[in-house]
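Quick notes on the structure that follows.
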Amino acid sequence: MRNRSVVQRVALIAAPWLLIVLAWYAVRASGLVSPALVPSPHEVLAKFLELMQTRLPHDILMSTQRVLVGVVLGIVLAVPVGFVLGWYQSIRSFVDPVINFFRALPPIALIPLVIVYFGIGESAKIAILFYASFFAGVIVMYEGIAQINPIFVRVSRTLGASDGEIFRKVIVPLTIPHMLTALRVALGVAWATLVASELIAAQQGLGALIQDASSFFQLDIIYVGIICIGLIALIMDLILRALARRLVAWQERIA
């Protein structure tokens, strides 16, 4: 029975990916799009294996490193800022329009200014990823904090807890799910912004790989770069979801 359950779970996970591959083959075979414009899945896989012998591992490492640095810096600042905005409504009302103004600006539009202020080195790429991660994290963080039921604080005060104890034993545990959600959203936004950040004179990275391939109309390489970005982002998200389940399991038990 247990083996059957495992097989069903694996089949359920694999089914959508198989459907995507079948649809990919179907589009290519239908004649609606020129086969020259849609490389087949097996051609993309062959190019992936070929690139794994040359530049792809280093490109993956460089892009992952940039994303992680940008996201960590962004979230480290976004968590306290989001907490203050979420907990103090007067400050939130004052700052909220500014936060939403900058959040709406596409990072790619800031590239000329980033080059002026940070040059074309790694700091410029990190700055773009930091920008995207910070504002995404702040929004998620303060929206989550603002929804915390104040009854938890009132009950704690009634039981004689000090402000420090309330913060450590009530507020921090309640904010952990929002921190993890902010991190997940920031990671997704950062990976979505990666190609834009690597437009800044990048020689290595998945964004650079895609840009180089587009210059020579190498569609199979473009597909490889896009799929790698999606897969790495998915793996990171699954890891964070598993971590979140472990860290907030006490809330589920209470519920």
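The values are calculated or read from the model by the stated rules, or taken from the named source; none is laboratory data. Quick caveat, the model's predicted, so the values are computed rather than measured. Backbone-built Cβ (ideal geometry, glycine too); neighbour counts: all protein chains shown. Heavy atoms of the whole protein, side chains included, go into the accessibility calculation; ligands, DNA and RNA do not. Shrake-Rupley method; radii C 1.70, N 1.55, O 1.52, S 1.80 Å.
Just one of the listed residues (Val195, Val170) is under 25 Å from Thr54 (Cα atoms) and in a helix (DSSP H, G or I), and it is Val195.
A count restricted to region 115-150 and to residues that are assigned to a helix (DSSP H, G or I), modelled with pLDDT under 85 and open to solvent by 40 Å² or more (accessible area, probe 1.4 Å) stands at 2. Evaluate region 65-88: report whether one residue or more is open to solvent by 80 Å² or more (accessible area, probe 1.4 Å) and charged (D, E, K, R). No, because not a single residue in region 65-88 is open to solvent by 80 Å² or more (accessible area, probe 1.4 Å) and charged (D, E, K, R).
Taken as a whole, the structure places Leu209 among residues that are open to solvent by less than 60 Å² (accessible area, probe 1.4 Å) and closer than 18 Å to Gln65 by Cβ. Per this entry, Arg92 is not counted among residues that are open to solvent by less than 30 Å² (accessible area, probe 1.4 Å), touching a helix residue (DSSP H, G or I) at 6+ places or on another chain (Cβ under 6 Å) and of a type in the set (D, E, K, R).
Taken over region 63-109, the criterion of being closer than 12 Å to Ala132 by Cα and in contact with a Leu (Cβ under 7 Å, 6 or more places away or on another chain) is satisfied by Val67, Gly70, Val71, Ile75.
Just checking, which of Ile232, Ile227, Ile200 is farther than 24 Å from Ala36 by Cβ, of a type in the set (Val, Ile, Thr), in contact (Cβ under 8 Å) with a residue 40 or more places away in the chain and not in a loop (DSSP other than H, G, I, E, B)?
None of the other options fit; the residue is Ile232.
Residues in region 8-60 that are over 17 Å from Ile226 (Cβ atoms), within 26 Å of the chain's Cα centre (by Cα) and surrounded by 13 or more Cβ atoms within 10 Å (Cβ to Cβ): 0 in all.
Within region 44-91, take every residue that is aromatic (Phe, Trp, Tyr) and in a helix (DSSP H, G or I) and give me the one that is farthest from Ile232 (Cα to Cα). This residue is Trp87.
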